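Readers should treat all values here as calculations from the given coordinates under stated rules, not as data from a laboratory. All of these numbers come straight from a predicted model, not from anything done at the bench. Cβ: placed from backbone, ideal geometry, glycine included. Neighbour counts: every protein chain shown.
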Amino acid sequence: MTIAAAAAVVLVLLAILFLRSAARRQRESARQAAEAEARLSELMRAQSEMQGRLSAMAETLSARQSELNQAVSQRLDGMTHRIGATITEQTKSTHENLRRLQERLAVIDAAQNNIQTLAKDVVGLQAILSNKQTRGAFGQGRMEAIVADGLPMGAYAFQAMLSNGTRPDCTIKMPNGAPPLVIDAKFPLEAWNAFREATAPEARRAAAQAFRRDLDVHIRDVSGKYLISGETQEMAFLFVPSESIFAEIHEHFEAAVQKAQRARVVIVSPSLLMLSIQVIQAVLKDQRMREQAHLIQGEVALLMEDLSRLDDRTRKLQAHFLAAQKDVEQIITSTDKLNRRGAKIGAMELEAPAEAEAAHDMPQAQVVESRTGLLKLRVVDEE
């Protein structure tokens, strides 16, 4: 009995606890439902506010989009206009650049043609310089051209024979009866080309020694053959037909240049030869002016004599003019007197005594007789 009662009590207690738990859960569910309803109403209110804001935002976005479309269209139009203008300018600039490019290409074509022509000339010059005879003729021809351009005919001679039987390339006559100046146009170009083409130090040193030896030999030949006392000048010119060779000789072979100067042989380039020719031309011109000075003085003396005679004749003619002017003035004086006397005679009214009555009876005429009786005037008055 006791266990059953205890079990019943336990069951009752469990039922009470269950009922209380169910009531508590019901109250909790009601509270949660109220809270959920409140939250739902809050959500509904927030949703309505959100819908209003979304509608306002949609309207604002629509207005902004229309403004943006308008601004974008305006900017696109302006950009299109600027792009069109830029493209037009670029097109014009491109055409102008193409035109200039065509002109430059034409100039380049002409320059290329000139370069090709120059290349042919260089090849021809190389062929000339490769041959000893043609190379000597080239140097001599250049020297002859410089001399012939700078001096008058008769002031120089080519291949003229000297008293020792040698023929220098050129002799230039000096003023005041001085001996002529000798110019030699030969040059040891083979040794020079070997020196310039040598690259190894030993080969270059050997080529320099060979060129120095050939140059010394040539300088001694010029000094021994062409420097004749009393017949030629005390110095001679050794013509080098290239300015670059002349400069390199003075740079690398200074001892040979000094030796040539001691041997009274001057190494000259085309420009130095031209300058020397101009100096000689000025000296020859001064000599010709001095030679013609006495002729000018004689002509001036004759001119002064003619001027003196002209002065005497002019003074005589002036005296004749003065005398004639004086005679004319006397004639004018006489004619003035005659005019005055004629005027006085025309103004006179004379009557003869014996014929006064007869003249009184003649009212329309008057007879005027001069004192000598030889001149009778009859004056008729007409009304």
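Here are some pairs, 225/285; 259/285; 186/225; 173/259; which of them have Cα atoms lying more than 23 Å apart in this structure? Mind dumping the intermediate values first?
Working: 225/285 30 Å; 259/285 34 Å; 186/225 13 Å; 173/259 26 Å.
The pairs that break the limit, which is 23 Å between Cα atoms, are 225/285; 259/285; 173/259.
What is the spin-label model distance, in nm, from residue 303 to residue 29 if the labels are put 7 Å beyond Cα along the C-beta direction?
15.5 nm
So between residue 3 and residue 110, what do we pick up on full extension, going 0.36 nm a residue minus the alpha carbon distance?
Details: separation 107, 0.36 × 107 = 38.52 nm, distance 13.71 nm.
Here the segment from residue 3 to residue 110 would lengthen by 24.8 nm.
Once the piece of chain linking residue 45 and residue 217 is laid out straight, how much longer is it, given 0.36 nm per residue of separation minus the C-alpha distance between them? Mind dumping the intermediate values first?
Details: separation 172, 0.36 × 172 = 61.92 nm, distance 12.58 nm.
Contour length minus Cα-Cα distance gives 49.3 nm.
Please give the contour-minus-distance gain from residue 71 to residue 314: 0.36 nm per residue of separation, less the Cα-Cα distance, rounded to one decimal in nm. Numbers along the way, then the final one.
Values: separation 243, 0.36 × 243 = 87.48 nm, distance 10.59 nm.
Length gained between residue 71 and residue 314: 76.9 nm.
Assuming R0 = 56 Å, can you tell me the calculated FRET efficiency for the pair residue 321 and residue 176, based on Cβ-Cβ distance, to the nearest 0.05?
Numbers: r = 55 Å, r/R0 = 0.98.
Result of the calculation: an efficiency of 0.55.
Say R0 is 30 Å: what FRET efficiency, to the nearest 0.05, do residue 166 and residue 251 get from their beta-carbon distance?
Details: r = 32 Å, r/R0 = 1.06.
Given R0 = 30 Å and the Cβ-Cβ separation, E is 0.40.
If I model a spin label as a point 7 Å beyond the Cα along the Cα-Cβ vector, how far apart are those points for residue 344 and residue 62 in nm?
Those two pseudo-labels are separated by 14.0 nm.
Amide H of residue 156 versus every other amide H placed in the peptide plane: which residues, excluding those fewer than 5 positions away on the same chain, fall under 5 Å?
173
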